[in-house]
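The values are calculated or read from the model by the stated rules, or taken from the named source; none is laboratory data. Being a predicted model, the structure only gives us computed values, none of them experimental. Positions of Cβ are backbone-derived with ideal geometry, glycine not excepted, and every protein chain shown enters the neighbour counts.
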Amino acid sequence: MPDAVAEIRDDGLFLRDCLSQRFCNQLVGAGSMSEGRIDPLEGAYQVAKGRLEVEGVDSGWVGALEVARRLLRDVDLFLVYYDLRRRGRRVRRGVRPRTLIVSYSGRRMLEVLVLSEGRPTSVRRIVEWSKAAAKDDYEPIIAVVDDYGIVTYYSARASSSLA
């Protein structure tokens, strides 16, 4: 039985019924829900875990992918979010496109850039992102999602010779 029920509207994912006040309070406390609006990444994650039911969407993994496809239009971003949450990390959306911020080992923070296999990106873009992340005091990490949905992580420190 789910802890909450939500619905997809034109402007996002919204809580319809809270069946466990503790669960709903955790979403609010983590910054994943405000004024009944649920962050799509966390919402899809909770659908995959069976804790959130979304009207008109299957439960479990298939439903999570549907929520991600419909609300994020970036399933690879969700796959990396899911992988990091499954590993017990605290994750939130980054300020730069296709990035996530990860609390890691106490005060250490990572900024993860999500790249998709077969989707070209320039070395310059990666270097600029890496420098910006390091300037903001994040450790830059690249997550590459292959065609099978497998995520591989790489450290991404820009060296002065690439600048």
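Each residue in the stretch 76-89 was checked for being at negative phi and free of Cβ contacts under 8 Å to residues at least 12 places away in the same chain, and 2 of them qualify.
Against the definition (more than 22 Å from Ala30 (Cβ to Cβ) and β-branched (Val, Ile, Thr)), how does Thr99 come out, yes or no? Against the criterion (more than 22 Å from Ala30 (Cβ to Cβ) and β-branched (Val, Ile, Thr)), Thr99 does not qualify.
Taking the stretch 1-54 and the strands (runs of 3 or more DSSP E) fully enclosed by it, no element has 2 or more residues that are at negative phi and at pLDDT below 95.
Condition check ((1) within 22 Å of Ile101 (Cβ to Cβ); (2) outside the structural domain of Tyr153 (by TED's automatic domain parsing); (3) under 13 Å from the mean Cα position of the chain (by Cα)) across all residues:
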residue: Ser20; (1), (2), (3): no, yes, no
residue: Glu42; (1), (2), (3): yes, yes, yes
residue: Arg51; (1), (2), (3): no, yes, no
residue: Glu55; (1), (2), (3): no, yes, no
residue: Gly63; (1), (2), (3): no, yes, no
residue: Tyr81; (1), (2), (3): yes, no, yes
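Scanning the stretch 55-93 for residues that are closer than 17 Å to Glu7 by Cβ and not in a helix (DSSP H, G or I) yields a total of 6.
When you scan the stretch 126-146, do you find a residue that is in contact (Cβ under 8 Å) with a residue 40 or more places away in the chain, outside any loop (DSSP other than H, G, I, E, B) and either outside the structural domain of Leu13 (by TED's automatic domain parsing) or buried (at least 19 other Cβ atoms within 10 Å of the Cβ) (or both), even just one? Step through it out loud before you land on a result.
So the first thing to find is which residues in the stretch 126-146 are in contact (Cβ under 8 Å) with a residue 40 or more places away in the chain, and the list is 143, 145.
Applying the additional criterion that residues be outside any loop (DSSP other than H, G, I, E, B) yields 143, 145.
Subset that is either outside the structural domain of Leu13 (by TED's automatic domain parsing) or buried (at least 19 other Cβ atoms within 10 Å of the Cβ) (or both): 143, 145.
Checking the stretch 126-146: at least one residue is in contact (Cβ under 8 Å) with a residue 40 or more places away in the chain, outside any loop (DSSP other than H, G, I, E, B) and either outside the structural domain of Leu13 (by TED's automatic domain parsing) or buried (at least 19 other Cβ atoms within 10 Å of the Cβ) (or both).
Cβ separations smaller than 6 Å between residues 6+ apart or across chains give the following pairs from the stretch 25-39 residues that are assigned by TED's automatic domain parsing to the domain that holds Ile8 and surrounded by 12 or more Cβ atoms within 10 Å (Cβ to Cβ) to residues that are assigned to a loop (DSSP other than H, G, I, E, B) and of a type in the set (S, T, N, Q): Asp39/Ser32.
Each row is one residue, and each column tells you yes or no for (1) at pLDDT 95 or above; (2) loosely packed, with under 14 Cβ neighbours inside 10 Å.
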{"site": "Phe78", "(1), (2)": "yes, no"}
{"site": "Tyr82", "(1), (2)": "yes, no"}
{"site": "Arg90", "(1), (2)": "no, yes"}
{"site": "Ile101", "(1), (2)": "yes, no"}
{"site": "Ser105", "(1), (2)": "no, yes"}
{"site": "Gly118", "(1), (2)": "no, yes"}
{"site": "Arg124", "(1), (2)": "no, yes"}
{"site": "Ile150", "(1), (2)": "yes, yes"}
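Going by what's in this entry, would Val112 be described as at pLDDT 95 or above, part of a strand (DSSP E or B) and not assigned by TED's automatic domain parsing to the domain that holds Leu27? Spelling it out, Val112 is indeed at pLDDT 95 or above, part of a strand (DSSP E or B) and not assigned by TED's automatic domain parsing to the domain that holds Leu27. Considering (1) within 18 Å of Asp146 (Cβ to Cβ); (2) touching a Lys or Arg at 6+ places or on another chain (Cβ under 7 Å); (3) not hydrophobic (A, V, I, L, M, F, W, C), the lone condition that Glu117 does not fulfil carries the number (2).
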